[in-house]
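Report on the following structure.
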Amino acid sequence: MSAYQQQYQWAQNEPEQFWQAQAQHIDWFEKPSTILNTDENGIERWFPDGLLNTCWLALDYHCEQGRGDNTALIYDSPVTGQKIRYSYHEMRDQVAKIAGMLAAQGVEKGDRVVIYMPMIPEAAMAMLACARLGAIHSVVFGGFAPNELAVRIEDAEPKVIMTASCGIEVNKVIPYKPMVDKAIMDSRWKPESVFVLQRPQLQAELGSERDIDWQQAYQNALPHACVPVLSTDPLYILYTSGTTGKPKGVVRDNGGHAVAMKYSMSAIYNMPQDGVFWAASDVGWVVGHSYIVYAPLIHGCTTILFEGKPVRTPDPGAFWRVCEEYNVDVLFSAPTAFRAIKKEDPEGKFLEQYDLTALKTIFMAGERLDPPTLEWVESKSHKPVVDHWWQTETGWAIAGNPTGIESMPVKAGSATKPIPGYQVEILNELGEACAPNQQGFVALKRPLPPSCLPTVWRNHDRFESGYLSQFPGYYVSGDGGYLDDDGYLFIMGRIDDVINVAGHRLSTGEMEEIVGGHPAIAECAVVGVHDELKGQLPLGFVVLKDGVKVDDLQLEGELVGKVRDEIGAVACFKHALVVERLPKTRSGKILRRTIRQIADGEQYTVPSTIDDPTSLDEISKALHSES
Ligand code: COA
Ligand code: AMP
């Protein structure tokens, strides 16, 4: 039996023994005596009576072990020209003071703190400071508009918000404070205080009495110690797009998360403790939570926090420059980032300028790694490239090539095999197992391994109805795919209304709600169409109310502006086409899949349930006149 098979079967047959063994690798305040039980909702919970603190594991523990002078975090910011290194001692001391700063505002264990910050070290420190207090952070991606922030504030009900005066995108400074003010104004929940970190590029006005100058508060703060929490206490809430306009608050616990993070660093990424790990993502996404902040620090590595883009900051050599400069062992990003590099540097000329000897493996996730991108990165970098599949809900990879256990041959288009702890099955609509190579719902047999969500924040029914009730005993991932004859998993895309734009998960349902709210629109459909660079882009089809006369271009501009204002620039909603009617089934369901197939120029079969087949011509006609 191969090393992978051994571990996989151990985790499958004896999950409690397997995870008890993995739990030995973290420093508990009190080791759990129970490894797995179920909570009042009947959901599996890991290490329920263990006591720990995730900030302790990420920082203090390493200082205690004599590794305090090792570099914990490197901030590299081509957009500001700054490069700063923080040792574990420095990080611990600063985080302890930020925790003190929060405690002075009354933040305690279980309180929520919303963090809306750009990619600066203080964003990671703010997260760790919450963890230190046992407070629950909810980081909101800086590319989201005030409305999205307001929705999250209303749901999480934070005592405090932490922000900065601005974010910096390519060639533009984005003021954050006015967006926070607007979000608070629009939200029914009001936080008691807002910490604002002033950046030299743009100072924010601190007008309201709840505003606190971060730097001043920091000066006056007393360091705070780590507060022990139960393994099952929440570490954070991270909102992610679902099928409706309201995002889902994925809850992550402390204990299961820490154990899974630690295990993944060895099993999946094969990282040495003193290695350098770089997840080129954003702290606003799950990749940033797990692999910029928590996992590398819990493992004792150096993590890189990069405030820049793969291209234009200043050129498509940025990734390779950082890899050389800091001897990065593992680079992790989304395929879209490499497609952007490939577009600007197809021959890999920039890459050739850098010494990538230290770089061992390139990992990709966030969207399917398309074979041409895989091939390009492999052939230019001469490094192993690993696709791995996961979700906000799990916090770590469900399937991948576990390079720390055994590197398996790569099959282009496949995320390789289930990681030990996950039982991946492909089910048909009746919940029956599909044969190899037959596509179906990608489902995970319960119990789910540590780190997977136990609930949706304050909405357990949504967890049950959205993930668990379709197939009893299984978690439904929302992705479609198949297992081949060798047990390799191929993820073929979402089967719900979620799309993936430049590795960012967005809801077309939410966009439809916004577009449909325009006074001229009777009904609409938004679908994700293929895009060479970003993987998918949203495209709207709208039907006007009877008697409404508008200029199509002006309407398109208004709809684009509306989505940008309400979701944010990151939605990349740029086009809306007017049609006479939308293709529907006889029962009135919009045929979004068929619309997308037509827009992508794919072969499609006219659904037998279609009400009026000529409505399909409407779609083609609109696309034709657009191009
Ligand atoms: N704060 C404010 N605005 C932001 C933002 C942030 N943190 N991130 C993105 N935006 C804005 C951009 O400025 C852009 O605005 P514009 O329409 O006014 O130009 C818009 O949102 C779209 O951004 P993006 O999708 O990032 O497009 P881009 O053309 O600037 O860059 C890529 C394209 C592929 C280079 C970029 O998306 C990328 O690096 N992706 C990596 C993927 C990734 O990190 N995924 C996370 C999961 S692993
Ligand atoms: P997020 O929760 O933002 O991480 O997005 C999760 C979704 O992104 C998954 O449900 C998939 O649809 C998609 N995804 C992430 N990684 C991969 C991958 N390696 N291959 C295919 N799809 C992926």
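The values are calculated or read from the model by the stated rules, or taken from the named source; none is laboratory data. Worth saying up front: this structure is predicted, and the values here are computed from it rather than measured. Glycine also receives a Cβ, built like all others from the backbone with ideal geometry; neighbour counts cover every protein chain displayed.
Table: residues versus (1) basic (Lys, Arg); (2) closer than 14 Å to Thr392 by Cα; (3) loosely packed, with under 15 Cβ neighbours inside 10 Å.
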position	(1), (2), (3)
Glu432	no, no, yes
Asn437	no, no, yes
Trp457	no, yes, no
Ser477	no, yes, no
Leu489	no, no, no
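In the stretch 291-302, which residues are surrounded by 23 or more Cβ atoms within 10 Å (Cβ to Cβ) and away from ligand 2 (no atom under 16 Å from the Cβ)?
Pro296, Leu297, Ile298, His299, Cys301, Thr302
Can you tell me which of (1) surrounded by fewer than 24 Cβ atoms within 10 Å (Cβ to Cβ); (2) of a type outside the set (Phe, Trp, Tyr); (3) touching a Gly at 6+ places or on another chain (Cβ under 9 Å) is the one Gly288 doesn't meet?
The one condition Gly288 does not meet is (3).
Please find, within the stretch 340-354, the residue that is nearest to ligand 1 (Cβ to nearest atom) out of those that are crowded, with 16+ Cβ neighbours inside 10 Å and part of a loop (DSSP other than H, G, I, E, B).
Once the filter is applied, the top-ranked residue is Asp345.
Within the stretch 1-74, which helices (runs of 4 or more DSSP H) (wholly inside it) include 2 or more residues that are closer than 30 Å to Pro409 by Cα?
So the answer is 3-13, 15-23.
Please specify each residue of the stretch 363-383 satisfying the condition of being more than 13 Å from ligand 1 (Cβ to nearest atom) and touching a Pro at 6+ places or on another chain (Cβ under 7 Å).
Once the filter is applied, which keeps residues that are more than 13 Å from ligand 1 (Cβ to nearest atom) and touching a Pro at 6+ places or on another chain (Cβ under 7 Å), the stretch 363-383 yields only Asp370.
Given the conditions (1) surrounded by fewer than 19 Cβ atoms within 10 Å (Cβ to Cβ); (2) over 26 Å from Pro272 (Cα atoms), and given that Arg67 satisfies all but one, which numbered condition is not satisfied?
Only one criterion in (1) surrounded by fewer than 19 Cβ atoms within 10 Å (Cβ to Cβ); (2) over 26 Å from Pro272 (Cα atoms) is unmet by Arg67, namely (2).
Within the stretch 129-149, how many residues are near ligand 1 (Cβ under 10 Å from one of its atoms) and acidic (Asp, Glu)?
The number of residues fulfilling the criteria is 0.
Of these, Gly249, Gly255, which one is over 22 Å from His504 (Cβ atoms) and in contact with a Phe, Trp or Tyr (Cβ under 6 Å, 6 or more places away or on another chain)?
After ruling out the rest, the residue left standing is Gly255.
Residue-by-condition table, conditions (1) modelled with pLDDT of 95 or more; (2) surrounded by 12 or more Cβ atoms within 10 Å (Cβ to Cβ):
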site: Lys562; (1), (2): yes, yes
site: Ser587; (1), (2): no, no
site: Pro607; (1), (2): no, yes
site: Leu623; (1), (2): no, yes
site: Glu626; (1), (2): no, yes
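If we keep just the residues of the stretch 304-339 that are of a type in the set (Lys, Arg) and not in a loop (DSSP other than H, G, I, E, B), which is nearest to Gly142 (Cα to Cα)?
Out of the qualifying residues, it is Arg339.
From the set of residues in the stretch 231-255 that are within 16 Å of ligand 1 (Cβ to nearest atom) and of a type in the set (S, T, N, Q), which is modelled with the highest pLDDT?
Thr240
Of these, Gly478, Gly404, Gly413, which one is within 24 Å of the chain's Cα centre (by Cα) and not in a loop (DSSP other than H, G, I, E, B)?
That would be Gly478, the only listed residue that is within 24 Å of the chain's Cα centre (by Cα) and not in a loop (DSSP other than H, G, I, E, B).
If the requirement is being modelled with pLDDT under 95 and not in a strand (DSSP E or B), which of these qualifies: Gly110, Gly143?
Exactly one residue qualifies, and that residue is Gly143.
Within the bounds of the stretch 384-405, is there any residue that is among the polar types (S, T, N, Q), touching a residue at least 60 places away in the same chain (Cβ under 8 Å), crowded, with 19+ Cβ neighbours inside 10 Å and within 16 Å of ligand 1 (Cβ to nearest atom)?
yes
Which fully enclosed helices (runs of 4 or more DSSP H) of the stretch 547-627 have 1 or more residues being acidic (Asp, Glu) and away from ligand 2 (no atom under 16 Å from the Cβ)?
In the stretch 547-627, 552-566, 614-626 are the helices (runs of 4 or more DSSP H) which contain 1 or more residues that are acidic (Asp, Glu) and away from ligand 2 (no atom under 16 Å from the Cβ).
Suppose we filter the stretch 75-94 for residues that are touching a helix residue (DSSP H, G or I) at 6+ places or on another chain (Cβ under 8 Å) and assigned to a strand (DSSP E or B); how many remain?
Here the count works out to 4.
Looking only at residues that are over 29 Å from the mean Cα position of the chain (by Cα) and small (Gly, Ala, Ser) in the stretch 520-556, which one is surrounded by the most Cβ atoms within 10 Å (Cβ to Cβ)?
Among those residues, the one meeting the criterion is Ala520.
Residue-wise test of (1) assigned to a loop (DSSP other than H, G, I, E, B); (2) at pLDDT 95 or above; (3) within 25 Å of Ala571 (Cα to Cα); (4) more than 16 Å from ligand 2 (Cβ to nearest atom).
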{"residue": "Ile168", "(1), (2), (3), (4)": "no, yes, yes, yes"}
{"residue": "Val180", "(1), (2), (3), (4)": "no, yes, yes, yes"}
{"residue": "Ser208", "(1), (2), (3), (4)": "yes, no, no, yes"}
{"residue": "Leu222", "(1), (2), (3), (4)": "yes, yes, no, yes"}
{"residue": "His257", "(1), (2), (3), (4)": "no, yes, no, no"}
{"residue": "Tyr263", "(1), (2), (3), (4)": "no, yes, no, yes"}
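With (1) crowded, with 21+ Cβ neighbours inside 10 Å; (2) part of a helix (DSSP H, G or I) as the list, and Gln215 as the residue in question, which single condition is left unmet?
Failed condition: (1).
I'd like to know if the stretch 419-431 contains one or more residues that are free of Cβ contacts under 8 Å to residues at least 24 places away in the same chain, away from ligand 2 (no atom under 13 Å from the Cβ) and not in a loop (DSSP other than H, G, I, E, B).
No.
Taking Asn270 as meeting all but one of (1) touching a residue at least 24 places away in the same chain (Cβ under 8 Å); (2) away from ligand 1 (no atom under 13 Å from the Cβ); (3) among the polar types (S, T, N, Q); (4) farther than 24 Å from Ala124 by Cα, write down the number of the exception.
The single condition Asn270 does not satisfy is (4).
Any chance the stretch 83-106 includes a residue that's touching a Lys or Arg at 6+ places or on another chain (Cβ under 9 Å), more than 21 Å from Gln219 (Cα to Cα) and aliphatic (A, V, I, L, M)?
no
For the structure I just gave you, tell me whether Val526 is among the β-branched types (Val, Ile, Thr) and outside any strand (DSSP E or B).
no
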